[in-house]
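Read through the structure below, which is laid out as structure tokens, and then see the notes.
Read-outs: derived from the displayed coordinates by stated rules, not from any lab. Predicted model, so just to flag it, every value in this text is computed and none were measured. Heads up, the Cβs are rebuilt from the backbone with ideal geometry, glycines too, and the neighbour counts pull from every protein chain shown.
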Amino acid sequence: MTVHEPCHNGTVILCAMEIFDDVSGSSSALPVLTVSELNRMARRALESQLPLLWVEGEVSNFTRAASGHWYFSLKDAQAQVRCVMFRGRNQFADFTPANGDHVEIRALPSLYEARGEFQLGAEAIRRAGAGRLYEAFLRLKAKLEAEGLFDPANKRTLPRFPRLIGIVTSPQAAALHDVLTALARRMPGLPVILYPTPVQGAGAGAQIAATIRLAGARAECDVLLVCRGGGSLEDLWAFNDEAVARAIAASPMPVVSGVGHETDFTLADFAADLRAPTPTAAAELASPARQELLQQLGHLARQLQHHLARKQHGEMQRLDYLARRLVHPADQLRRQRNELRQLAQRLQHASWTRLAREQLRVSGLNQRLATPGHAIQREQQRLGALVLRARLAVESSFRQHRLGLDRFSSSLAHLNPEGVLARGYSIVQLENGNVVQHAAMLSAEDKLDIRFHRGKARARVESTSED
């Protein structure tokens with residue numbers, strides 16, 4: 001059986017003689033097939049001959065059905081093909097495509113039996129270029145791995161009780177809120193320092209690497225968290241930058257990478273001393289759990305109390321034993337007199353020392369109280385400087401907001417559809433309100449609403465033709 005190329009409308013044409021030869025083994029007695037049987041045979045032939053493959057093209061005629069399934073077409077300059085992505089598959093997509101998007105889909109060629117139309121059943125979808133990015137990711141990963149940058153022997157253990165945690169992320173990122181929430185839950189009193197940096201966009205990789213190096217040079221924290229929320233491969237690409245991986249590997253303090261979701265992997269994950277599946281998990285790995293420590297402390301306190309009780313019983317028995325070995329009272333009195341004399345000397349020396357120290361402290365306080373006017377004058381000057389800075393900041397912010405408002409007003413005027421209608425264009429709509437984009441949407445006797453710059457008109461279609 002031979003399957004020929006699909007025609008322009010997507011319907012597959014089969015060689016009937018070859019099908020019948022396959023079924024009967026002879027062309028002398030050709031069986032009569034129903035349309036359903038023919039389409040079923042064609043579908044099976046397509047699915048058995050064409051494997052699961054990647055197809056690239058531009059999305060058009062995209063429709064989301066009430067069932068949740070996606071129906072659209074992929075096209076290029078010469079051809080187009082119908083596609084369907086069922087709800088069980090599209091719920092795992094990172095984005096919802098729109099008309100005009102350039103995408104790549106992993107699909108199985110098939111035939112929609114009910115209408116005899118050739119179509120692609122999409123299993124996965126990604127923005128065009130993601131495959132090339134993944135190949136570049138694998139090449140760079142292999143290069144750095146060959147250099148030993150990801151060697152597990154070089155990984156450092158995290159401090160069990162860090163005194164300060166550093167965070168490298170964007171101040172506007174949701175990941176920062178997740179990390180701070182997790183740290184507040186696990187160890188509320190743990191200090192945190194933020195090293196702000198963009199985590200997406202052009203040049204973000206170089207800025208992330210520079211921020212990591214800055215954190216290492218300042219040496220303020222015991223462990224460094226490099227984190228960002230989930231996204232597509234393009235969104236996370238800054239963390240696949242070679243400079244970022246090298247900066248993490250060269251960091252003087254341990255680094256925990258919490259980039260993306262559990263299924264996302266970047267070069268930052270491989271270069272870090274520890275990889276966390278999410279930013280929240282990174283915070284949990286880097287900080288001790290206060291509740292667990294309290295439970296351990298309670299357990300140790302109970303053990304200590306039990307040990308002290310046993311010790312006390314032993315000492316009581318020892319005391320009873322020693323009581324039977326008491327020395328003569330005169331010897332005991334003599335020894336106590338000597339101890340009392342030594343204690344009196346130590347007390348006298350301590351009193352003199354304490355008195356001299358307090359005299360020095362009082363003298364210093366008197367000197368500080370002698371000139372309160374200078375302190376008041378210094379604070380007044382500082383207050384004046386702060387008032388001036390506040391006034392300048394308010395004026396600068398007001399100017400910036402006014403310029404932004406002017407730009408938005410200008411953009412809104414350019415995008416006003418009434419301006420297009422004023423130049424002689426019109427909007428044609430069906431009775432159901434859908435905008436007519438091409439003649440194929442119309443049939444003879446259809447009623448139309450035509451909107452002009454001023455007023456509307458009602459029309460009826462006499463005939464249609466495609467340009």
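Hydrodynamic analysis of region 136-288 uses the Kirkwood radius over alpha carbon pairs. Inserted into Stokes-Einstein at 10 °C and 1.306 mPa s, it gives a translational diffusion coefficient of 106 µm²/s. Using only Cα atoms, find the angle between the long axis of helix 290-323 and the longest principal axis of the chain, and express it within 0 to 90 degrees, rounded to the nearest 10. Value to nearest ten degrees: 30.
Against the main long axis of the alpha-carbon atoms of the chain, helix 35-49 sits at an angle near 50°. As a rough footprinting exposure proxy, the listed residues SER36, SER287 were ranked by other beta carbons within 10 Å of their own, and the order from fewest upward is SER36, SER287.
Electrostatic tally near ARG389: other residues with Cβ closer than 15 Å to its Cβ, Lys and Arg +1, Asp and Glu -1, net +1. Calculated on C-alpha atoms, the gyration radius of region 254-404 divided by its Kirkwood radius gives an Rg/Rh of 1.31. Annotation for LEU319 and ALA413: the two label points, set 7 Å from Cα along the Cα-Cβ direction, are 9.6 nm apart.
Looking at the chain, the DSSP beta bridges with both ends there are about 65 percent antiparallel. The residues neighbouring ASP449, those whose beta-carbon lies less than 9 Å from its own, together hold a net charge of +3 under the Lys/Arg +1, Asp/Glu -1 convention. Seen from all directions on average, region 16-128 presents a Cα convex hull projection of 8.3 nm². Taking a sphere under 11 Å around the Cβ of GLU418 and counting the other residues whose Cβ falls inside, with K and R at +1 and D and E at -1, yields a net charge of +3. Give the value in nm², to one decimal: projected area of the alpha carbon convex hull of the chain, averaged over all directions. Computing the convex hull of the Cα atoms and averaging its projections yields 50.3 nm². Using only Cα coordinates, the Kirkwood hydrodynamic radius of region 359-467 works out to 21.3 Å.
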